[in-house]
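Reading through the C-alpha cells given below for one structure.
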Amino acid sequence: MKKIKIKILRINKNIPVPFQATADAVGYDLTAAEDTVIKARNFGVVSTGIALELPPGIEAQIRPRSGLAFHRGIGVLNSPGTIDPDYRGEIKVILFNVSDKDFMVKTGDRIAQIVFSRIMSVEFEESDRLSITERDSGGFGHTG
C-alpha cells in the first residue's frame with residue numbers, strides 16, 4: 001500500500017502526531033491538547049493542537065472512537081467532520097455527551113480518530129427522470 005505524505009504542524013509540541021492504535025487500524029487517534037469538561041447531555045469543542053496540509057485530492061474525516069461511545073456515551077457531533085484539503089487551521093473536535101455524567105477530558109486523552117480518503121470530483125448532468133430500480137424511491141426503513 002502506497003503511503004501519502006501529509007504535512008503536520010504541531011501547534012502544541014506536547015501532543016503526539018496522530019497514530020494507529022494497531023498495525024491494521026484505519027483511523028489515526030487524535031488526542032486532546034487541553035483539559036476540559038463535556039457536561040452531561042451537552043457538547044463542547046476540544047482542541048487537538050495540530051494542523052494539517054493535505055495534498056490535493058485527499059480529505060480527512062474526524063470520526064468518533066467506538067470505546068468512548070460504548071463505555072462513556074461520547075461521540076463526534078458532526079460525524080464525520082470533514083477536513084478539506086485547503087484548510088490550514090487547528091483541528092478541533094466537537095464532542096457530545098449523551099450520558100448523565102460530566103466527561104472529563106485530559107490533555108493527551110484519545111478523543112477521536114482521523115481517517116483519510118481520496119476525493120472524487122463529479123459533474124452533475126440534469127435530467128427529467130432517473131432510471132427505475134427495485135428499490136426505486138423507497139426511503140428510511142423501506143426493507144422492514
Legend entry - Hey, residue 13 out of contact with any strand residue (DSSP E or B) (no Cβ under 6 Å at 6 or more places or on another chain) and either over 21 Å from residue 117 (Cα atoms) or of a type in the set (Lys, Arg) (or both) or not: yes
Legend entry - Subset tally (residues that are charged (D, E, K, R) and under 15 Å from residue 111 (Cβ atoms)) for segment 24-80: 6
Legend entry - Members of segment 49-104 found to be in contact (Cβ under 8 Å) with a residue 60 or more places away in the chain, under 12 Å from the mean Cα position of the chain (by Cα) and either surrounded by fewer than 15 Cβ atoms within 10 Å (Cβ to Cβ) or within 21 Å of residue 35 (Cβ to Cβ) (or both), listed by number: 91, 93
Inset, instruction - Just give me the residues in segment 26-48 being touching a residue at least 60 places away in the same chain (Cβ under 8 Å) and either in a loop (DSSP other than H, G, I, E, B) or out of contact with any strand residue (DSSP E or B) (no Cβ under 7 Å at 6 or more places or on another chain) (or both), in sequence order. - result: 26, 27, 32, 33, 34, 35, 39, 40
Legend entry - Within segment 105-124, considering residues that are among the β-branched types (Val, Ile, Thr) and not in a strand (DSSP E or B), the one nearest to the chain's Cα centre (by Cα): 119
Legend entry - Qualifying residues in segment 17-33 (those that are in contact with a Gly (Cβ under 8 Å, 6 or more places away or on another chain) and not hydrophobic (A, V, I, L, M, F, W, C)) - the one farthest from residue 76 (Cα to Cα): 20
Inset, instruction - Would you point out the residue of segment 1-21, among those that are within 18 Å of the chain's Cα centre (by Cα) and part of a loop (DSSP other than H, G, I, E, B), that is surrounded by the fewest Cβ atoms within 10 Å (Cβ to Cβ)? - result: 17
Legend entry - Count of residues meeting criterion [in contact with a Pro (Cβ under 7 Å, 6 or more places away or on another chain), farther than 13 Å from residue 97 by Cα and not polar (S, T, N, Q)] in segment 58-75: 4
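Just name the residue that is surrounded by the most Cβ atoms within 10 Å (Cβ to Cβ) out of those in segment 112-140 that are among the aliphatic types (A, V, I, L, M) and either in contact (Cβ under 8 Å) with a residue 60 or more places away in the chain or under 22 Å from residue 83 (Cα atoms) (or both).
Among those residues, the one meeting the criterion is 112.
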Legend entry - Selected residue (criterion: surrounded by the most Cβ atoms within 10 Å (Cβ to Cβ)) from residues of segment 22-48 that are under 20 Å from residue 66 (Cα atoms) and among the charged types (D, E, K, R): 29
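Which residues, taken from segment 1-47, are among the acidic types (Asp, Glu) and out of contact with any Ser or Thr (no Cβ under 8 Å at 6 or more places or on another chain)?
Selection gives 24, 29.
Give 129, 88 a once-over and let me know the one that is under 24 Å from residue 14 (Cα atoms), of a type outside the set (Val, Ile, Thr) and in a loop (DSSP other than H, G, I, E, B). Give the steps one after another, and end with the answer.
Details: 129 fails: under 24 Å from residue 14 (Cα atoms).
Result of the check over 129, 88: 88.
Bear in mind these aren't lab numbers, they're just calculated from the coordinates by the rules spelled out. Here the structure is a predicted model, which means the values were calculated and not measured. Counting neighbours? That spans all protein chains shown, and the Cβs are built from the backbone with ideal geometry, glycine included.
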